[in-house]
Structure formats: structure tokens, C-alpha cells
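Q: Dumping the structure here so I can ask a few things about it.
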Amino acid sequence: MIRRIYRSTFIVVLTTLFLCVVLFAGTLYGYFENRMFGMLEQSASYIESALENQGLSYLESLPPGGDRVTLISSAGIVLYDNYADPASMEDHSDREEIILAREQGQGRSARESATLGQKTLYYAKLLSDGSVLRLSAAQQSVSALVKGMIRPMILIAAIALGLSAVLALKLSERIVEPINSIDPEHPEKGEIYPELTPLLKKLRDQNKTIGTQMDQLKQKQREFEMITRHMSEGFLVADANRKILSYNQSILELLGVEHLTQDRSLLTLNRCESFRKSVDLAIGGTRSTEVINAGGRNIRIVVDPVLEGDVLHGLVILAMDVTSQMEWEQLRREFAANVSHELKTPLTSISGIAEIMKDGMIKGDDVVHFAGHIHREAERMISLIRDTIRLSQLDEGAVDRERQEVDLYQITLEAARQLEEAAQRSGVTFEIDGGPSPILGVGPIVEEVVYNLMDNAVKYNVPDGKVSVTLSEKEKVIEMCVSDTGIGIPKEDIDRVFERFYRVDKSHSGTVAGTGLGLSIVKHGAALHGAEVRIDSKPGQGTRVTVLWPRPE
Ligand code: ADP
């Protein structure tokens, strides 16, 4: 801009300078011509009056040099000329100034001599005798004048140019300075030309619009961040060049990445082949789902291409931890296999006995013995199925979650009553210590938990052993301890007894009826009530299981 103003100013100065010189020269030229004509006229008047007094002899006394004086008779014949021989001069009647003098008393004309580069001014005056007195003087022509003026003009122009160059530069800088000092954020501040007011108004309006749009964008960004930050699923957006544009913390945590690399390349997030393949598929426009391994965990990634028509703009990755889901699925598969296996044993037994009976090979008292066997196996199957159903219900969350106040003490007494017969058979006695202990719970589940614990305490006890149940109120919980004087659990098995179908000594299963599901039901049932289960056991001495039931608020 400075250059432009500078150039324009410079051109204006130059043009003005040139025009001034031309006009000045023209005016000067006209002025001098007029003065010269005036002088010729004055001299002509002197000569006229001298001629009238002294006659033609006066002309002879004219000093040499000076203006050219010519006297022309009324017939056009040159009578006198102080610069040429009159006899050699032609008829002058056709000269412009002569014609004018004859017509109007005086006449002026100017003629240029191309060869001399000079201009001659002629002044003619009609004398009283009809002759015409003509005076002429040479004046420099315009071109000669210009030629003569060229040097001073160049000098003046050079000075003017230098001066105008400096001034134009200063001027342009001064013009531009206030424009440069405009603060685009606050255009109203500072010293500004009134001509710029519309522009500044536009700038202000634009600033306002940009400000509003920025606020909206920031708000959207905040919302987006809030949503993605609190998502447990990982979320990531990348462009078509596999460069990460946006992501949440969860995806870094899920993929076990601490920081993004400098180039934010997507493929540095996970080096496994399936991840790369999914990304490639999305770049090709195809959605894909894969389970990848990251830091020992199973992460399911869903990679979607972002398409607008046929044009790919990038891709979106959703990641979630499916480790427990997969473990759970595995457990369910194992559970189904175990249930089938556990059912197969009593069924095979029943089927075998039935086959022998069909052939009529069992007779008399044996019938009672084998019927009892069938009954035991059927009972075992029933309890297995019951436990399986109960556990499935707990897994699915299908149990009635309606909580009501239940008394642990009453439930304990009831369980002891139910187990009375079995306990008596092996000489085991109950000792129940405590008083009313109300909790908020799902009645049948709490009963099942208490029953299973006391059942185990009886089952895995020694003859004439003891089962003691104590209920004590603590600050936030009701502590229930079920201890026995039984066979105990070896140290290496203690962590596994809550697993489904886990039984410490498989050889036991023949003698002690059990499904291996009891403690699983205890674990899930307690968890449903937010209760904690601890187990403590010493082989040969006994086992103590403690359940900490939350007290109602
Ligand atoms: P089960 O139906 O076989 O009793 P549980 O899940 O209730 O199944 O128990 C798992 C295993 O833990 C049992 O098979 C048994 O070996 C052991 N166990 C449970 N409770 C006791 C206890 N009070 N004393 C000794 N061993 C126990």
C-alpha cells in the first residue's frame, strides 16, 4: 500500500511539475511577445514622428544594429530597409502585417524561421502619406526557449524529484500509519480516518459475528468433550491420512497408551495386525469390528469410515473393554458343560439300576436298597437343578429385587430346624448366639445364603462336631459367623471354593452330597445385598465363614 501511495504521489508531483513548467514557459513566452510588440509599437511611433519632421534622411541616421526598420511605399515597393538592400527586396504588399496596417492603421504578425529556430515579430504602422513603416525584431521560438531552458529545468526537476521522492515516502508512511495501527480486535480505538468508518464498522460487526460463532463452537466443543470424557468407551476421530484429530482419555487407557506420538499417527496406538486391518478397511470405506489385545485385556474396536457421498473424510473408532464379558461368556460355556456333566453321573446311575430291574434281576430286599439309590441320585439331580436355576437367576439379575426387612436371627433358627435331622444323623449340634438382626434383603436369597453356609458346616463336620452361628451388630454391618469344627479346607483350595462346581476333594462327592454350587450362590447372593464374605479355615480344625450384612440406614 505504501508503494502504491508513494508511486501515485510521485506521479502526481511529476505531472504537476511538468504542467507548471509548460504553463509557466507558455505564459512567459506570451508575456515577452506582448512586451516586444509594445516596444516595436513605441519605436514605430518615434520613427513616425521623426520621419514627419526630418523626412527620409532620418532613417539614414539610424544607428546600425537594433530593430530592423523597413519602409514600404503605398505601392508595396520597399523604400528603405536597414538590414537589406531595398532594391533587391520583393513586393511586400502581401505580408500579413502590411495588409492589416493598410486596413486598420496597424498590424502585427509573427513568423517562424524553421531554419534559424527563431521567430520574427513584425509591427506595421500606416503613415499619413500612405506608406507603411514596419519594425521587426527576432524573438526566440518556443523550441529554442525550451532548448535554452532544458538544463535549468533538468536541475529543477532533479531537485524536485529528490524532494518529492522523500516527501512522497514520508507522506505515504504517514497515511498508512493510522491504518496499520488499527487493532482488529478493538477497531474503535486509536486515531482513524473518518473515511474508514464504514470499514471499521464492518470490522466490528465481523468481530461480533466471529465472537458469537467462536462461543458457539467452544460451547459445542465443551459439550463434546464432556460427553466423550465421561464415556467409559474409548472414542477417536482420525482423518483420511490416519492422523488423530480428536480422542478421549478412555481410548488411551483402554489401548494402554500414555501419550500420543508427535505425528499423532493412528497406527502407533496399537501395533497388532487386526487393528491395522480394521483401519485399512475403514479407509477403504468398510465398517469393521475386531477384538484386539491391549495390555492383557480384550478390547473390542468398531471402526467406521466417515463418508460424504463417495468421499472419505476420515474414520471414527469406538473401543470398549470386553474382557469380563468374554470371561463371562467362557464361564457360561463351562457352566453349561459342567451342569451336563454333573447331571450325567446320577442319570447314568439311575439308568443302570433301571436296566437291571427291567431284566428282573433285582428281587426281594434289594429292591428297597436300589430304590433308595435311585432316590438319592434323583435328589442329587433335583438339588443340582435347583442350584443351577438359582445361580442362573442371580446371574441374570432375574431374582425379585423387592427388598424388605428380614431377620437374620429368625432365618438362622429356621435353617437350623431344617438341618436338624441331618445334623442329628452325624451327631452334630448347633449353637446359635444372637438376637433379632434385621436387614433389608430379598428373603429367599438371604435364606439360601444362610442355609448353604450352615449346610456346609454340617456336611463337612466331623461326627459329634459343633456348628456355631453368631450374630453381632457392628457400626455399619451385622456380622454373621458360621463356624464349624469340621474337616477344614486346604490352603491351596481356599481361594477356589467359591468357583462353580469346585469341590475340594472329588472323592468326597461320593460320600457327601453336594453340587459344588452352594458357595457360588452364597457369593452372588451376598453380592446382591452388598454384603462381604470372608472365609477362614484350618484343615482338621474347622472353617469359619463370616458375612458382613449392611445394616439398614
Ligand atoms: P457343595 O455343594 O459341594 O457343598 P459348595 O460350593 O457349597 O459345594 O462348597 C464347595 C466346596 O468347598 C465343597 O465341596 C467343600 O469341599 C468345601 N467346603 C465348603 N464349605 C466347607 C466347610 N464348612 N468345611 C469344609 N469344606 C467346605
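Q: If you scan the stretch 323-367, which residues turn out to be loosely packed, with under 15 Cβ neighbours inside 10 Å and in contact with a Phe, Trp or Tyr (Cβ under 8 Å, 6 or more places away or on another chain)?
A: Passing the criteria: only ILE356.
Q: Separate question: Is it true that LEU100 is part of a helix (DSSP H, G or I) and without any contact (Cβ under 8 Å) to a residue 40 or more places away in the chain?
A: Yes; evaluated as a whole, the condition is true for this residue.
Q: Within the set of pairs 6 or more residues apart or between chains, which connect a residue that is part of a loop (DSSP other than H, G, I, E, B) inside the stretch 218-246 to a residue that is surrounded by 11 or more Cβ atoms within 10 Å (Cβ to Cβ) and hydrophobic (A, V, I, L, M, F, W, C) with Cβ atoms less than 7 Å apart?
A: Pairs that qualify, where the first residue is part of a loop (DSSP other than H, G, I, E, B) and the partner is surrounded by 11 or more Cβ atoms within 10 Å (Cβ to Cβ) and hydrophobic (A, V, I, L, M, F, W, C), are GLU233/LEU318; GLU233/ALA319; GLU233/MET320; ALA240/ILE283; ALA240/LEU312; ARG242/LEU266; ARG242/LEU267; ARG242/VAL279.
Q: Continuing with this model, one more query. Check off (1) among the polar types (S, T, N, Q); (2) more than 7 Å from the ligand (Cβ to nearest atom); (3) modelled with pLDDT under 95 for THR515 and give me the number that stays unchecked.
A: Checking THR515 against (1) among the polar types (S, T, N, Q); (2) more than 7 Å from the ligand (Cβ to nearest atom); (3) modelled with pLDDT under 95, the one that fails is (2).
Q: Filter the stretch 446-498 for residues that are closer than 21 Å to SER520 by Cβ, more than 9 Å from the ligand (Cβ to nearest atom) and touching a residue at least 60 places away in the same chain (Cβ under 8 Å) and give the result.
A: VAL446, GLU448, VAL449, MET480, CYS481
Q: So, GLU41, is that one at pLDDT 80 or above, within 19 Å of ALA137 (Cα to Cα) and of a type outside the set (Ser, Thr, Tyr) or not?
A: Answer is yes for this residue.
Q: Hey, any hits in the stretch 412-426 for a residue that's outside any helix (DSSP H, G or I) and surrounded by fewer than 21 Cβ atoms within 10 Å (Cβ to Cβ)?
A: yes
Q: List every residue pair whose Cβ atoms lie under 7 Å apart, where the two residues are 6 or more positions apart in sequence or sit on different chains, the first residue falls within the stretch 500-511 and is of a type outside the set (Gly, Ala, Ser), and the second residue, located anywhere, is within 6 Å of the ligand (Cβ to nearest atom) and modelled with pLDDT under 85.
A: So the pair list comes out as ARG503/GLY514.
Q: Of the residues GLY309, GLY284, which is in contact (Cβ under 8 Å) with a residue 12 or more places away in the chain, over 30 Å from ARG222 (Cβ atoms) and either among the basic types (Lys, Arg) or surrounded by fewer than 18 Cβ atoms within 10 Å (Cβ to Cβ) (or both)?
A: GLY284
Q: Also, quick follow-up: From the list PRO198, PRO184, PRO178, exactly one residue is in a helix (DSSP H, G or I) and at pLDDT below 80. Which is it?
A: Unique residue meeting the criteria: PRO178.
The values are calculated or read from the model by the stated rules, or taken from the named source; none is laboratory data. In this text the structure is predicted, and so the values were computed from the model without any measurement. When we count neighbours, we look across all protein chains shown, and the Cβ atoms used for this are built from the backbone with ideal geometry, even at glycine.
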